[in-house]
1. Of all residues being among the aromatic types (Phe, Trp, Tyr) and over 18 Å from Gly29 (Cβ atoms) in region 285-317, which is nearest to the chain's Cα centre (by Cα)? Just the residue, please.
2. For region 274-294, give me the residue count where each residue is out of contact with any Leu (no Cβ under 8 Å at 6 or more places or on another chain) and either free of Cβ contacts under 8 Å to residues at least 40 places away in the same chain or closer than 18 Å to Ala330 by Cα (or both).
3. Within region 27-38, can you find the residues that are under 29 Å from Ser172 (Cα atoms) and either within 19 Å of the chain's Cα centre (by Cα) or among the small types (Gly, Ala, Ser) (or both)?
4. Quick one: which of Ala211, Ala207 is touching a Gly at 6+ places or on another chain (Cβ under 7 Å) and either more than 16 Å from Ser317 (Cα to Cα) or assigned to a loop (DSSP other than H, G, I, E, B) (or both)?
5. Out of all the residues in region 287-294, is one or more over 16 Å from Ser166 (Cα atoms) and crowded, with 24+ Cβ neighbours inside 10 Å?
6. Just for region 233-274: of the residues that are out of contact with any helix residue (DSSP H, G or I) (no Cβ under 8 Å at 6 or more places or on another chain) and of a type in the set (Lys, Arg), which one is farthest from Leu305 (Cα to Cα)?
7. Output the residue which, of all residues in region 246-297 that are of a type in the set (S, T, N, Q) and modelled with pLDDT under 95, is farthest from Val22 (Cα to Cα).
8. Name every residue in region 172-208 that is among the hydrophobic types (A, V, I, L, M, F, W, C) and farther than 16 Å from Leu244 by Cβ, in order of residue number.
Amino acid sequence: MLGKQSIQFLNKPYIISSGSIVGHKEAEGPMGQLFDKVGYDDMFGAQNWEDAESSLQKEALEIALSKAGLQKQELQMVFAGDLLGQSIASSFGLAGYQSPHVGLYGACSTCGLSLSMGGMAVAGAFAEKAACITSSHFASAEKEFRFPLAYGNQRPMSATWTVTGSGAFILSAQPGREVRAVMEGVTIGKIVDYGIRDSMNMGACMAPAAADTIRQSLEDFGRTPGDYDKIITGDLGKVGQKLLFDLLAEMGIDIVKQHMDCGIEIFDSEKQDTNAGGSGCGCSAVMLSAYILKKLEEGVWKRVLFVPTGALLSKTSFNEGQTIPGIAHAVILEHYVKP
């Protein structure tokens with residue numbers, strides 16, 4: 001343990017491979033050429049939106065395993081979660097793997113949560129190899145949290161567009177035939193609630209949690225923003241980014257030069273009509289696999305603070321008038337230097 005909320009790994013886990021799969025809208029964005037696989041039919045051959053999302057997780061994990069040259073039997077633990085009730089995208093999508101399954105829910109922070117849990121398991125020698133997977137689907141998320149697509153509701157400018165995609169990551173206690181990045185440590189976030197009730201402004205709901213986790217991680221590891229090439233949030237979007245800068249400025253922290261938000265980068269909001277940007281569990285996951293790890297693997301970035309963000313609401317809590325708390329988990333990723 002380091003400080004109040006952080007863990008520094010003495011035996012650093014290696015991310016030895018990853019896989020990403022997205023829908024056609026994501027493929028049309030600025031990062032489109034970097035994803036491993038694109039489904040131009042957003043049903044992905046399934047009969048409904050939920051099954052479509054399950055197929056995303058299954059295919060993302062197959063891609064990651066293939067790249068690592070591993071068989072599914074070699075996984076000792078699978079850490080997975082999604083946005084749907086009872087995490088059915090994960091449980092139905094990964095049931096066929098017959099691997100020890102740890103179901104997680106961190107809303108859109110689930111990529112960071114799964115990497116944190118998987119990293120602890122590998123660093124603590126509880127697993128030699130573990131998989132971390134998450135997903136989201138625009139249509140299944142709209143159905144779960146907002147309105148059926150046929151309703152045709154108007155979207156305010158503060159709204160974000162749920163990414164259709166899945167990212168899978170293989171963690172190992174030993175370097176594989178290649179290493180995409182090394183995990184130095186994690187900061188487990190707290191639930192932060194500023195009393196916001198607007199489900200069409202996820203950036204405002206999650207920005208306070210992102211600010212809290214970033215501040216705590218910097219404090220626990222004794223670092224400044226300048227110690228990172230990038231500080232990357234998951235899906236705050238344009239509204240949440242501005243709020244994050246304001247909240248951190250009140251704490252005396254300036255990350256403007258280092259900051260990147262996956263939700264802002266994954267779409268061209270002007271050309272693609274995505275309003276404030278992208279969101280969903282899949283947003284930070286596919287960006288990490290396709291873009292962030294690429295920069296770390298190539299040595300363009302030496303160290304990044306990866307901070308996926310989540311809004312902890314359900315359709316029940318929202319309909320009962322509850323506030324929307326946020327949470328964010330931070331993962332420190334480093335460039336791998338061959339011995």
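The values are calculated or read from the model by the stated rules, or taken from the named source; none is laboratory data. Since this is a predicted model, take the numbers as computed values, not measurements. Note that we place each Cβ from the backbone using ideal geometry, even for glycine, and neighbour counts take in every protein chain shown.
1. Restricting attention to region 285-317, the residues satisfying the condition of being among the aromatic types (Phe, Trp, Tyr) are 291, 301, 306.
From the residues that got through so far, the ones that are over 18 Å from Gly29 (Cβ atoms) too are 301, 306.
Values: Trp301: 19, Phe306: 9 Å.
It comes out as Phe306.
2. Count: 8.
3. Narrowing region 27-38 to residues under 29 Å from Ser172 (Cα atoms): 31-38.
Selection gives Met31, Gly32, Leu34, Phe35, Asp36, Lys37, Val38.
4. Working: Ala211 fails: touching a Gly at 6+ places or on another chain (Cβ under 7 Å).
The match here is Ala207.
5. Here is the first cut: in region 287-294, the residues over 16 Å from Ser166 (Cα atoms) are 294.
Adding the requirement that they be crowded, with 24+ Cβ neighbours inside 10 Å leaves none.
Scanning region 287-294, I find no residue that is over 16 Å from Ser166 (Cα atoms) and crowded, with 24+ Cβ neighbours inside 10 Å, so the answer is no.
6. Lys271
7. Start the filter on region 246-297 by keeping residues that are of a type in the set (S, T, N, Q), which leaves 258, 269, 272, 274-275, 279, 284, 289.
Imposing the further condition that a residue be modelled with pLDDT under 95 reduces the set to 269, 272, 274-275, 279.
Values: Ser269: 17, Gln272: 15, Thr274: 16, Asn275: 19, Ser279: 13 Å.
Per the stated criteria, the residue is Asn275.
8. Narrowing region 172-208 to residues among the hydrophobic types (A, V, I, L, M, F, W, C): 173, 179, 181-183, 186, 188, 191-192, 196, 200, 202, 204-207.
Of everything in region 172-208, those that are among the hydrophobic types (A, V, I, L, M, F, W, C) and farther than 16 Å from Leu244 by Cβ turn out to be Ala173, Val179, Ala181, Val182, Met183, Val186, Ile188, Ile191, Met200.
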